[in-house]
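Engineer: Encoded as structure tokens, here's the structure I'll be asking about.
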Amino acid sequence: MPNFDTGHYFLTALVPIRDGMTTDAGGVEVTFIQNLRATLAVLPTALQSPATEMIGINSPFARDRSTHFARLVVLDDVIFNGREKSDPILGRIEGKDPITPEPLDELNCAYLVFTADFDAVLAEGDPLPKTLDLPAQNRARDAWANRIWEKMQEELTDVFSNCEGFDEVSDGDDFARYLKRHQVETTMPFNDYWLTMPKFSDLPLLPILGAVAVPLVLALVALATLLLGGDELPWLGWSAAGSVWVGGILTVILAIAAVRWINTNGQKPLPPGQYADLPGVLKSLYLQKTFTTFAIDQQGASYEELHDAFGAFLDEHKPLDASGPTQAPGVISIGRPGGIVAGEG
């Protein structure tokens, strides 16, 4: 299903960048697109490499415990993929000049591309939904927009103030409406958190083909009967002319219904993976590291020692408590500075 799949919402927004001039943080007059590029250049990314760890400032999106991924990119124009393929001989016959440029797709202005993958929930920590109708999807998107506005309003303002229409945004609800206005449908979501592959919807191909083939065969047999001079279908006694019409109409109706059913079935969202919300993913990463260390440390231990040590491991690391201790958002490992969230208890 576009925008929603596996319990996640996939947002894509194309926001037009303003024309004209503005003043940057240093008081220098620059274009809005220059100011936007400079703003994005200094916007902190996640602490995912030694270079970013030296900066010590995490991505502002890491403040939200439902955002898996976010990216901001300036799109100046669409890419030219080359001329349309053609046969040079036919082109010569048709009088096409290979030197003459073909029409090019161009954007009317530069755009800020904003993409994000987040849990389709109304509040952080809510269970991932298996399916959502369109109004519920919109509510999940707007709830996320309100959350990130509350947690990173300053950074969002620095970025989107270079875009058209952002002057009207003053709170989280306004920001949600702003994103909705510039949203484009996401038709290729990305997600791979399954512990086991989900059960995909089986397509009953033979029954579908059979349902369409039966009236088609009836119409063809009736048509052949008419062409051979017969008035009735052999063995059935039905009118050949009437059977052609009835069989043909049923074939068209069933074929259209089959195509629509296949399309609808193909748009059903896949179910969310177990522990595939952001708190579950972070807890899984935390346990992966801590249990690996535990397994190494227990090499050669007796049964009694292993039993006691594993009990202590469960008490300390609380595998079923996603609130903590767990890996912090935006860090590459719990071994890094600030890599562990202690939790509520």
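The values are calculated or read from the model by the stated rules, or taken from the named source; none is laboratory data. Keep in mind that this is a model prediction, so the values were computed, not measured. All Cβ positions, even for glycine, are placed from backbone atoms using ideal geometry, and neighbour counts span all protein chains on display. Only protein heavy atoms, including side chains, enter the accessible area calculation; ligands, DNA and RNA are left aside. Shrake-Rupley method; radii C 1.70, N 1.55, O 1.52, S 1.80 Å.
Engineer: Of (1) of a type outside the set (Phe, Trp, Tyr); (2) farther than 25 Å from Ala70 by Cα; (3) without any contact (Cβ under 8 Å) to a residue 12 or more places away in the chain, Asp192 satisfies all except one. Which?
Structural biologist: Asp192 satisfies all of (1) of a type outside the set (Phe, Trp, Tyr); (2) farther than 25 Å from Ala70 by Cα; (3) without any contact (Cβ under 8 Å) to a residue 12 or more places away in the chain except (2).
Engineer: Moving to a separate point now. Of all residues being open to solvent by less than 90 Å² (accessible area, probe 1.4 Å) and modelled with pLDDT of 85 or more in the stretch 176-192, which is nearest to Ile253 (Cα to Cα)? Just the residue, please.
Structural biologist: Step by step, filter the stretch 176-192, then rank; the result is Thr186.
Engineer: Among (1) in contact (Cβ under 8 Å) with a residue 24 or more places away in the chain; (2) surrounded by 14 or more Cβ atoms within 10 Å (Cβ to Cβ), which single condition is Ala240 missing?
Structural biologist: Failing condition for Ala240: (1).
Engineer: Got at least one residue in the stretch 290-308 being open to solvent by 100 Å² or more (accessible area, probe 1.4 Å), among the hydroxyl-bearing types (Ser, Thr, Tyr) and within 19 Å of the chain's Cα centre (by Cα)?
Structural biologist: no
Engineer: State all residues of the stretch 237-257 that are over 16 Å from Val212 (Cβ atoms) and among the small types (Gly, Ala, Ser); if no residue qualifies, say none.
Structural biologist: Gly237, Ser239, Ala240, Ala241, Gly242, Ser243 - these are the residues of the stretch 237-257 that are over 16 Å from Val212 (Cβ atoms) and among the small types (Gly, Ala, Ser).
Engineer: Restricting attention to the stretch 231-242, report how many residues are out of contact with any Leu (no Cβ under 6 Å at 6 or more places or on another chain) and assigned to a helix (DSSP H, G or I).
Structural biologist: 2
Engineer: Could you tell me whether the stretch 138-146 includes any residue that is open to solvent by less than 90 Å² (accessible area, probe 1.4 Å), more than 19 Å from Leu14 (Cα to Cα), not polar (S, T, N, Q) and not in a loop (DSSP other than H, G, I, E, B)?
Structural biologist: Among the residues of the stretch 138-146, at least one is open to solvent by less than 90 Å² (accessible area, probe 1.4 Å), more than 19 Å from Leu14 (Cα to Cα), not polar (S, T, N, Q) and not in a loop (DSSP other than H, G, I, E, B), which makes the answer yes.
Engineer: OK, next. For Ala70, indicate whether it is part of a strand (DSSP E or B) and either more than 30 Å from Gly266 (Cα to Cα) or touching a residue at least 40 places away in the same chain (Cβ under 8 Å) (or both).
Structural biologist: Yes: the conditions hold for Ala70.
Engineer: Let me ask something additional. Could you look through the stretch 35-61, keep only residues that are open to solvent by less than 50 Å² (accessible area, probe 1.4 Å) and in a helix (DSSP H, G or I), and pick out the one that is farthest from Thr23 (Cα to Cα)?
Structural biologist: Restricting to residues being open to solvent by less than 50 Å² (accessible area, probe 1.4 Å) and in a helix (DSSP H, G or I), the top hit is Glu53.
Engineer: Now for a separate question. Checking Glu150 against (1) within 30 Å of Phe32 (Cβ to Cβ); (2) open to solvent by 30 Å² or more (accessible area, probe 1.4 Å); (3) out of contact with any Gly (no Cβ under 8 Å at 6 or more places or on another chain), which test does it fail?
Structural biologist: For Glu150, the exception is condition (3).
Engineer: Any idea which residue in the stretch 62-90 is surrounded by the most Cβ atoms within 10 Å (Cβ to Cβ), counting only those that are hydroxyl-bearing (Ser, Thr, Tyr) and modelled with pLDDT of 90 or more?
Structural biologist: Once the filter is applied, the top-ranked residue is Ser66.
Engineer: If you scan the stretch 92-137, which residues turn out to be in a strand (DSSP E or B) and either in contact with a Pro (Cβ under 7 Å, 6 or more places away or on another chain) or open to solvent by 90 Å² or more (accessible area, probe 1.4 Å) (or both)?
Structural biologist: Answer for the stretch 92-137, where residues must be in a strand (DSSP E or B) and either in contact with a Pro (Cβ under 7 Å, 6 or more places away or on another chain) or open to solvent by 90 Å² or more (accessible area, probe 1.4 Å) (or both): just Tyr111.
Engineer: Quick check on this structure: which one of Thr67, Thr115, Thr131 is touching a helix residue (DSSP H, G or I) at 6+ places or on another chain (Cβ under 8 Å) and of a type in the set (Val, Ile, Thr)?
Structural biologist: Thr67
Engineer: Say we look at the stretch 10-27 and pick out the residues that are out of contact with any Cys (no Cβ under 8 Å at 6 or more places or on another chain), touching a residue at least 24 places away in the same chain (Cβ under 8 Å) and farther than 15 Å from Leu75 by Cβ; which of these is surrounded by the most Cβ atoms within 10 Å (Cβ to Cβ)?
Structural biologist: Looking at residues that are out of contact with any Cys (no Cβ under 8 Å at 6 or more places or on another chain), touching a residue at least 24 places away in the same chain (Cβ under 8 Å) and farther than 15 Å from Leu75 by Cβ, I get Phe10.
Engineer: Follow-up question, since we're still on this one. Taking the residues in the stretch 271-289 that are outside any helix (DSSP H, G or I) and touching a Pro at 6+ places or on another chain (Cβ under 9 Å) as candidates, determine which candidate is surrounded by the most Cβ atoms within 10 Å (Cβ to Cβ).
Structural biologist: Among them, the one singled out is Asp277.
Engineer: Only one residue in Val217, Val246, Val252, Val169 is touching a Phe, Trp or Tyr at 6+ places or on another chain (Cβ under 6 Å) and either modelled with pLDDT of 80 or more or open to solvent by 50 Å² or more (accessible area, probe 1.4 Å) (or both), so which one is that?
Structural biologist: Testing whether each residue is touching a Phe, Trp or Tyr at 6+ places or on another chain (Cβ under 6 Å) and either modelled with pLDDT of 80 or more or open to solvent by 50 Å² or more (accessible area, probe 1.4 Å) (or both) leaves just Val169.
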